[in-house]
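The structure appears below as structure tokens.
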Amino acid sequence: MRELQIAIIGAGIAGLTAARALQLMGFRPVVFEQAEVLGEVGAGLTVTPNATHVLNALGLESVLEEIGMRPDRGGVKHWRTGELLVEISRGNEMREKYGAAYYQVHRADLHQALAAQVEECDPGAIRTAHSLTDFEQGKEGVRLKFAQGHTASADVMIGADGVRSRVRTQLFGAERPRFTGYVAYRGLVPFEALPDGVIEPTSCLSTGPHRSFTRYLVRGGRWVNFVGLTERQDWREEGWSIRADVQEMLEEYADWYPDVRTIIRSTPEHGLFKWALFDREPLPEWTRGAVTLIGDAAHPMLPFLGQGAAMGIEDGMVLARAFAAASSVSEALRRYEEARLQRANWVMLESRKTALNYHSGNDENFRPGRHVSAESLGLMSYNPAEIPI
Ligand SMILES: Cc1cc2nc3c(=O)[nH]c(=O)nc-3n(C[C@H](O)[C@H](O)[C@H](O)COP(=O)(O)OP(=O)(O)OC[C@H]3O[C@@H](n4cnc5c(N)ncnc54)[C@H](O)[C@@H]3O)c2cc1C
């Protein structure tokens, strides 16, 4: 089994986690990435203990301490008054309770750390400028074709190619990602640009009718990452992550308490992006022959539980463990899917329900329903490095 040629399509967080976990278990995977260079894509990500367990097992604990913020306190605030409705403790108790810490990081920092590990172990393991267009399965394994004219062959192929996965389309048909009706505004504001007292508590979600606003610190506390989730009937703009206008976002949050508006107003020029949120229906299976899916390719989800990347990280570790434990490709893929499908699909559906809970109500007396979070759903007590597979 250790001689297997494993091709991973996509060097996102899920693909790189799988690659690194497979390397640690003695395999030599190759990651094919469409981008010409691996770059600074994305903004903040929460890494909850269920994902931290994996990153720790990959040897990234000290890196997480360096690139991650461990917020001491979090809270939920009222959209109009700014009143603190719920207080959440996120400090050292998290580590004591779950055996792994809770971090808030910049996606680019985590991505870079994973990519560096993979390349250090096996220079050339990540092949950029390889955009998969097509593949064929036969007795000899999988034959891969790339837009740039290259071809490759593998015994097994892992589709980690994100919400618009080509691998998924070829395996299960051309069902298109669904525009969920949510548009996310994302930005990063220098901490020093904000007046004292605006960032209190350090991590905060504000919820209101048809909108929410989350902000937390990243990069040593030098930057405030924010995501404003709003509702829209349709998405007609070109692309799915485009530059946005500060004035437009301020209009969306016109009646909100001043701190939220101050943060939005402080976004540096060209630093605000709009991002239409797409998801898909849960799949009843992820595998056909020697090809399977992980991460957003398998289960793209709304960000209301902050679990999208975490689920891809969980997949990567469980997939690698399944290969290490199995004696054939089909057994490995079956064990992986059996261990993961139900949990990931459930979290997808819970993320949709949580959206309704956050954005419900339409008046000033708005109170969010019971505060549902990854923690209240029990997601954090799962250790992908140890669960039975
Ligand atoms: C507003 C927002 C906030 C979020 N916040 C959180 C959070 O707090 N915590 C959390 O855990 N998650 C969060 N997420 C979700 C998280 O960002 C995603 O779930 C996660 O990044 C998906 O990782 P992935 O590796 O599966 O896919 P991607 O990151 O999309 O990576 C896919 C990779 O595949 C490559 N690729 C695509 N097609 C091809 C092809 N044909 N050939 C070769 N390469 C290809 C792409 O270039 C890309 O590098 C959030 C998402 C949103 C929208």
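Just a few scattered comments:
- Computing FRET efficiency as 1/(1 + (r/R0)^6) for Arg2 and Ser153, where r is the C-beta to C-beta distance and R0 is 22 Å, gives about 0.75.
- Ordered from highest to lowest accessible area with the whole protein assembly present and a 1.4 Å probe, Phe278, Phe191, Phe135 read as Phe191, Phe278, Phe135.
- Accessible surface of Asp245 - all protein chains present, 1.4 Å probe, nearest 10 Å²: 80
- Coarse-grained scattering of the range 178-279 at q = 0.10 Å⁻¹, given as base-10 log I(q)/I(0) from a Debye sum over alpha-carbon atoms: -0.26
- Two-site label geometry, Ile387 and Asn357: point separation in nm, points 7 Å out along Cα→Cβ: 1.9
- Reachable lysines, given that their alpha-carbon falls under 25 Å from the alpha-carbon of Lys353 and they are not under 8 places away in the same chain: Lys77, Lys274
- Taking θ as phi - 60° and the Karplus parameters 6.51, -1.76 and 1.60, the scalar couplings of the range 170-186 work out to 5, 6, 10, x, 8, 5, 8, x, 9, 5, 7, x, 10, 10, 9, 9, 10 Hz in sequence order, x denoting glycine and proline.
- Computed from point charges on the beta carbon alone (+1 for Lys and Arg, -1 for Asp and Glu), the dipole magnitude for the chain about its Cα centre is near 600 Debye.
- Counting Lys and Arg as +1 and Asp and Glu as -1 over every other residue whose Cβ lies under 11 Å from the Cβ of Ala51, the net charge comes to -2.
- Asp255 - accessible surface, heavy atoms, 1.4 Å probe, Å² rounded to 10: 90
- Counting only heavy atoms of the protein chains and using a 1.4 Å probe, Cys121 has close to 70 Å² of accessible surface.
- Site pair Val86 and Ala254 shows an inter-label distance of 2.9 nm when each label is modelled 7 Å from Cα along Cα→Cβ.
- Accessible surface comparison of Ser131, Ser62, Ser351, probe 1.4 Å, protein chains only, largest first: the order is Ser62, Ser131, Ser351.
- Between the residues Ser165, Leu377, Val329, the greatest Cα displacement towards the positive end of the dipole of the chain, with unit charges on the Cβ of Lys, Arg, Asp and Glu, is found for Val329.
- Using the rule -39500 (n - 2.57) for each DSSP H run of four or more residues, divided by the residues of the chain, the 222 nm mean residue ellipticity is -9500 deg cm²/dmol.
- C-alpha center-to-center spacing [the range 34-71, the range 72-117] in angstrom: 12
- Rolling a 1.4 angstrom probe over the chain with all protein chains present gives an accessible area of which 48% lies on carbon and sulfur atoms.
- Here's the picture: charge each Lys and Arg Cβ at +1 and each Asp and Glu Cβ at -1 in the chain, and of Ile6, Thr267, Phe226 the one pushed furthest to the positive end of that dipole is Ile6.
- Estimated inter-spin distance, Trp235 and Gln342, nm [label 7 Å along Cα→Cβ]: 3.1
- Calculated FRET value between Glu93 and Ala193, using beta carbons and R₀ = 25 Å, to 0.05: 0.20
- Pairwise FRET efficiency - Cys121 versus Ser328, Cβ, R0 = 25 Å, nearest 0.05: 0.50
- Looking at the chain, the accessible area is 43 square angstrom per residue; that uses a 1.4 Å probe and ignores ligands, DNA and RNA.
- Quotient of C-alpha Rg and 2.2 N^0.38 Å, computed over the chain: 0.98
The values are calculated or read from the model by the stated rules, or taken from the named source; none is laboratory data. Please read these numbers as outputs of a predicted model, since none were measured by experiment. Every residue, glycine as well, gets a Cβ built from its backbone with ideal geometry; the counts of neighbours run over all protein chains shown. Note: areas computed on protein heavy atoms with side chains; ligands, DNA, RNA excluded. Shrake-Rupley method; radii C 1.70, N 1.55, O 1.52, S 1.80 Å.
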